[in-house]
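**Q** Dumping the structure here so I can ask a few things about it.
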Amino acid sequence: MADAKGDTTARSHAQTRSGSGHSSATVNQSNLAKLDLGKLEQKLGTSPESGLSKAEADKRLARYGANEIAEKTTSPVLKFLSYFWGPIPWMIEAAAILSGIVHHWSDFVIIMVLLLANAIVGFWEEYQAGNAIAALKAKLAPHARVKRDGAWSDVPARLLVPGDIVRLRLGDIVPADSRSLGPDAVEVDQAALTGESLPVSKASGDVLYSGAILRQGEADAIVYATGGDTFFGKTAALVQEAHTTSHFQKAVMKIGDYLIVIAIALVTLIFAVALFRGDPVMETLQFALVLTVAAIPVAMPAVLSVTMAVGARRLAARQAIVSRLAAIEELAGVDVLCSDKTGTLTQNKLTLGDPVSVGGESQDDLVLDGALASRAEDQDTIDMAVIAGVKDAAELKNYTVGHYQPFDPVHKRTEATVADKSGKTFKVTKGAVQVILALSKNADAVKEDVDKTTNALAKRGYRALGVAKASDGGDWEFLGVLPLYDPPRPSSKDMIAQAEELGIDVKMITGDQLAIAKEIASQLGLGTDILDASQFGDTKAHETSKLDHDIETADGFAQVFPEHKFHIIDVLQKHGHIVGMTGDGVNDAPSLKKADCGIAVSGATDAARAAAAIVLLTPGLTVIVDAVKEARKIFQRMNSYAIYRIAETIRVLLFMTLSIIVFNFYPVTAIMIVLLALLNDGAILSIAYDNVKPSPKPEAWNMRRVLGVSTLLGLAGVAASFGMFYIGEEVLKLDREVVQTLMYLKLSVAGHLNIFVTRTRGPFWSIAPAKILLIAVFGTQALATIIAVSGVLMPAISWELAAMVWGYALLWFLFNDRVKLLAYRIFDPAAKPVIDQRKTAAPAAA
């Protein structure tokens, strides 16, 4: 316990150093954590006997503000309206405006419904994700017992101010950063705040962090920092600072920009030609409407959202709940996973190692003596670990404990007076090794062996307890050492190996000491290049290329504070990595929000769950490997659809533009364009269920490849469309109205067959399509064929012409598959793995 206490002191100093990035008021309050108690009381103008006066407390409340986390809120109305702003919404809105100008009200209604549907899907997705700051606020104690004008009273915790005297009892949540006034030491669980795996002992004068929980004892305390100036508050501030734009959002923006540029260029060209020819302005506007509708990937946001939503349901079946859909795409691209140690890679359950006997007793008897010096009802983690180490629990019933002295920071040991069945009494004690040695008569004889054992255990990250025994009235005799540690989960090592096979570099992050971190990392096969985060210095100013390189290449990090985690992730992201972060505590919330994909593990606090994008329901990280594979499948489906959608837009846009310029002919009518959008984009939702194989390496949006492949396929489609136009007009000598129907059916059938080209990187037969995709595609195209043959909303064509269109489309489908293979060789020859491209920070591939 002494080690934990010393570690906390070092953390307090680290916190003070890191506070230099905050306001001067914050730094001054942080310095109060180190003042002598007498000087602190004088500085804050208070005393344990009377506390503050109500009038003074009111003045300080006005000065310092409420003891709560400031929350930045956005009006839900403004949030909803934000979904109507951006490249793709602009294109949809432009089409709606043009529809109104030329009085195409049916088109106007259809377009507006699609626009509203996209906005509602996006708004609801974000609303469901929750608010991390609200969850952090919920963790604060709602009430506190405070001394005002010499009398104790219960007040809302938000009304506490620096200088208040508060009383803390067993199970209480510390309401603000305070200094313990004793008189007795208390045991405090601050694992969710600092990441330490054990409760720590706090004596008079020690810091009690806001949000920590009292596990043993009770104490009065003097408040020195409230609200945003507390350690807890700084954590919340980091969460607010963490804003990231997903790579999925960036990719959609780039696709939208690309299509906008194409549309503007072609519309400008058409207007120039129309003005030159002297065409009526309204007819030109009507064509602009058709062209705009054709250019808009109206269903793209919905298709991609549905694809991710279907994937989210599959992940939920694997016990991984997705709270932010875009995180699925991010998880597919994660190439560095920063994993919290305590409770994630390890069991967060103190376990007894192999006892080392030096007094002649057997290992079993040594553990039994240690267990007799423990008390189960105190629920102390060390006592419970020692008691659990007894091989036959029934043996404990053979002894009766008369007097028991619990652990305290002064004596640093427990002691029990025990009687066996025969009535013979003896004493047993356990505690800090040097303390127990100092009691023992045989210390000189065993000290050398004990020191070697203790040092060896310390290097391996074990905490050592000494055990001694004394007959009634006799001297203490040192018996041996009990090693304690938090063991790795049985599945962790295998999970890490699988993650590395998937191209993911796993880095361990822990608040524990360096020796513990190195031992656990070694056991897990992570490597032992562990950085001591306490040596980082001021993470907001101390940014050197060497430190950045060390962070990028390290196997893990020890003695980590929340701002260190935040900085580690920031450095990795700046070096082109897609970073996943796992965690479970309040101290993990900022980094979970900052990471590209934050993952809250089983048993995480509300704050961690709200900040994370994915929440695991089962212990350990095994489910992450399954989640990564599923995410990569989802990514491939989205990538296939993006290539398909861009290729179709280019095919229709360019074909129509050239038809107007060269032949002065509208190849399809406005209603035909609307039918194309409804049938093709509606059925393509089934791609969310398609069969794919997960990539063995992290995925990334390679816009050069996406735009390059889709553009070549689009140009091939233009050639195919003009081929059909030539057959209809020059070979079959059909009327132009019938040619329009012929072209509609060709654009519909050939366009939908293209999804079977874009869904695979290899030949179209390399992965069998899902049945639902086959049914959707051939079902909608059968409907399109019936519409064309029956003459619904267009001149009718014969079944023979329809069959010819199908045969022509199938031949071009085979040709387009070869075009795709050529395009991949040109734009993505796969000479370098995706992970290498990402590490060289190629912007286009991000």
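**Q** Take the Cβ-Cβ distance between Q319 and K493 as r, set R0 to 25 Å, and report the resulting FRET efficiency rounded to the nearest 0.05.
**A** For R0 = 25 Å, the calculated efficiency reads 0.80.
**Q** Give, in whole angstrom and from largest to smallest, the semi-axes √(5λ) of the equivalent ellipsoid of the range 412-511, with λ running over the eigenvalues of the Cα gyration tensor.
**A** 40, 17, 10
**Q** Under a crude label model (7 Å from the Cα following the beta-carbon direction), how far is L814 from K771 in nanometres?
**A** Going from the L814 label point to the K771 one covers 2.8 nm.
**Q** Shifting gears a bit: Ratio of alpha-carbon Rg to the 2.2 N^0.38 Å globular estimate for the range 631-691, to two decimals, please.
**A** The range 631-691 yields a ratio of 1.41.
**Q** Under the rule of at least 5 residues apart or a separate chain, name every residue whose amide H is placed under 5 Å from the amide H of T351.
**A** For T351, the qualifying residues are Y485, D486.
**Q** In addition: What FRET efficiency do you get for D550 and T351 if R0 is 35 Å and r is their Cβ-Cβ distance, rounded to the nearest 0.05?
**A** According to the calculation, E is roughly 0.65.
**Q** Still on this structure, please answer the following. Between I671 and D154, what length comes free when the chain is fully extended (0.36 nm per residue of separation minus the Cα-Cα distance, one decimal in nm)?
**A** Gain on stretching I671 to D154: 179.1 nm.
**Q** Which FRET efficiency value, to the nearest 0.05, is calculated for K421 and A394 with the Förster distance at 22 angstrom and r the Cβ-Cβ distance?
**A** Calculated value: 0.95.
**Q** Once phi is turned into ³J(HN,Hα) by the Karplus curve 6.51 cos²θ - 1.76 cosθ + 1.60 with θ = phi - 60°, what whole-Hz value does each residue of the range 458-468 show in order, with x for glycine and proline?
**A** Residue by residue, the range 458-468 yields 4, 5, 8, x, 8, 9, 9, 10, x, 10, 9 Hz.
**Q** Can you list which of the trypsin sites (Lys or Arg not before Pro) found in the range 399-432 are DSSP loop residues with at most 11 other C-beta atoms within 10 Å?
**A** Taking the range 399-432 and a limit of 11 other Cβ atoms within 10 Å, the loop trypsin sites (Lys or Arg not before Pro) found are K421, K424.
**Q** Give me the extension gain from Q405 to L78: residue separation times 0.36 nm, minus the current Cα-Cα distance, reported in nm with one decimal.
**A** Length gained between Q405 and L78: 111.5 nm.
**Q** Cut-off is 10 Å between beta-carbons; in what order do Y644, Y83, Y726 appear when sorted fewest neighbours first?
**A** Ascending number of Cβ neighbours within 10 Å: Y726, Y83, Y644.
**Q** Ranking C597, C338 by Cβ neighbours within 10 Å, fewest first, what do you get?
**A** C338, C597
**Q** Something else: Work out how much length H143 to I101 would gain on full extension: take 0.36 nm times their residue separation and subtract the Cα-Cα distance, in nm to one decimal.
**A** The H143-I101 span can extend by a further 9.0 nm.
Only the coordinates and a few stated rules stand behind these numbers; no lab work does. Just so we're clear, the structure is a prediction, and the values are computed from it rather than from any experiment. Note that each Cβ is placed from the backbone with ideal geometry, even for glycine, and that neighbours are counted across all protein chains shown.
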